[in-house]
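Peer 1: If you scroll down you'll find the structure; I have some questions about it.
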Amino acid sequence: MTSEPRAPSQIGKSLDQLRRFYGLGSAGALERLDTAWAAVAGEELAGRSSVIDLREGRLSVDAHDSATAEVLRWSTQRVLENARQLCPGESIVDLTVRVRRQRGRTTAEPDVARW
């Protein structure tokens, strides 16, 4: 009772269907957002933040400090518009930003981005 192995494209398609069923963005969309984050958020913000998840239309981002988080929140409409242009067909309607300090920072370093 042998069956032919599934082609990788069929498995990828099945995984994308499962991701969508559970409210997750496609794996390709998350990868594109992560790769092109500098174009979506802007060079300076991208250097101080990172894409974490795309779930149920909500793009989640970690900011390295509170000032960056605040600027990202002010820039929500621009970031969402750029994300939608990068990932047509994906429903991206909200941006969630949380502060997650990078490992290795000392407490003596200020928690303020220099704008």
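The values are calculated or read from the model by the stated rules, or taken from the named source; none is laboratory data. Keep in mind that this is a model prediction, so the values were computed, not measured. Positions of Cβ are backbone-derived with ideal geometry, glycine not excepted, and every protein chain shown enters the neighbour counts.
Peer 1: Across region 20-54, what is the total count of residues that are of a type in the set (Phe, Trp, Tyr) and at pLDDT below 90?
Peer 2: Kept after step one, since they are of a type in the set (Phe, Trp, Tyr), are these residues of region 20-54: 21-22, 37.
With at pLDDT below 90 added as a condition, the list becomes 21-22.
Going through region 20-54 one residue at a time, the tally reaches 2.
Peer 1: In region 33-51, what residues are of a type in the set (D, E, K, R), more than 15 Å from ARG78 (Cα to Cα) and out of contact with any Asp or Glu (no Cβ under 9 Å at 6 or more places or on another chain)?
Peer 2: Listed by number, the list holds a single entry, ASP34.
Peer 1: Out of curiosity, is GLN17 exposed (fewer than 12 other Cβ atoms within 10 Å of the Cβ), outside any loop (DSSP other than H, G, I, E, B) and at pLDDT 95 or above? Explain how you work it out, then say what you get.
Peer 2: Working: exposed (fewer than 12 other Cβ atoms within 10 Å of the Cβ): yes; outside any loop (DSSP other than H, G, I, E, B): yes; at pLDDT 95 or above: no.
When the stated conditions are applied, GLN17 does not pass them.
Peer 1: Out of the residues in region 41-71 that are more than 19 Å from GLN85 (Cβ to Cβ) and of a type in the set (Lys, Arg), state the one that is surrounded by the most Cβ atoms within 10 Å (Cβ to Cβ).
Peer 2: Selected residue: ARG48.
Peer 1: Give the residue that is nearest to ALA63 (Cα to Cα), with candidates limited to residues of region 73-90 that are in contact with a helix residue (DSSP H, G or I) (Cβ under 9 Å, 6 or more places away or on another chain) and assigned to a loop (DSSP other than H, G, I, E, B).
Peer 2: SER75
Peer 1: Another one. Condition check: touching a helix residue (DSSP H, G or I) at 6+ places or on another chain (Cβ under 7 Å) and either without any contact (Cβ under 8 Å) to a residue 24 or more places away in the chain or part of a helix (DSSP H, G or I) (or both). Does ALA69 satisfy that?
Peer 2: Values: touching a helix residue (DSSP H, G or I) at 6+ places or on another chain (Cβ under 7 Å): no; either without any contact (Cβ under 8 Å) to a residue 24 or more places away in the chain or part of a helix (DSSP H, G or I) (or both): yes.
In short, no.
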